[in-house]
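I have placed the structure first, in the form of structure tokens, so that the comments after it can refer back to it.
The values are calculated or read from the model by the stated rules, or taken from the named source; none is laboratory data. Since the model is a prediction, treat every value here as computed from it, not as a measurement. Please note: Cβ atoms are built from the backbone with ideal geometry, for glycine as well, and neighbour counts cover all protein chains shown. These accessible areas exclude ligands, DNA and RNA; they are computed on the full protein's heavy atoms, side chains included. Shrake-Rupley method; radii C 1.70, N 1.55, O 1.52, S 1.80 Å.
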Amino acid sequence: MTPIQNYTGKSWSVYNPNSKMWQQTWVDDKGRYISLTGGMTDGKMILNTPERTTPSGKMQSRMIFYNISANSFDWDWQSSTDEGAAWKSNWKIHYKRKH
């Protein structure tokens, strides 16, 4: 996959005590808006999008944050076209704290 040039996006994550879930909103300069909800499961933060209809059928996406430490974590962006029975990794990123 070729990285997108001149691409800027930001996300905001908050814990909602009423639903007892994390909520994340992503927006970028290409007009994309993504809303995710979820929480911690087996040491991983898993945030899911609602299922949506695309030109090729129904799809759901999720972010999984794992190997979480004070200085780094891994992040997978996955998608499913079968209501979450199977997930395909679209990309994986390893983040490290800048010192």
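Please verify whether N6 is in a loop (DSSP other than H, G, I, E, B), at pLDDT 95 or above and exposed (fewer than 14 other Cβ atoms within 10 Å of the Cβ), treating the condition exactly as stated.
Answer is no for this residue.
Only residues that are assigned to a strand (DSSP E or B) and out of contact with any strand residue (DSSP E or B) (no Cβ under 8 Å at 6 or more places or on another chain): list them for the stretch 41-52, please.
T41
Kindly provide the set of residues from the stretch 60-89 that are in a strand (DSSP E or B) and touching a residue at least 24 places away in the same chain (Cβ under 8 Å), ordered by number.
Q60, S61, R62, M63, S72
With the requirement that a residue be of a type outside the set (S, T, Y), at pLDDT 90 or above and either outside any strand (DSSP E or B) or open to solvent by 100 Å² or more (accessible area, probe 1.4 Å) (or both), what does the stretch 9-30 give you?
K10, W12, P17, N18, K20, D29
Scan (1) closer than 26 Å to Y7 by Cα; (2) in contact with a Lys or Arg (Cβ under 8 Å, 6 or more places away or on another chain); (3) open to solvent by less than 60 Å² (accessible area, probe 1.4 Å) for the single condition E51 breaks and write down its number.
Just one mismatch for E51, condition (3).
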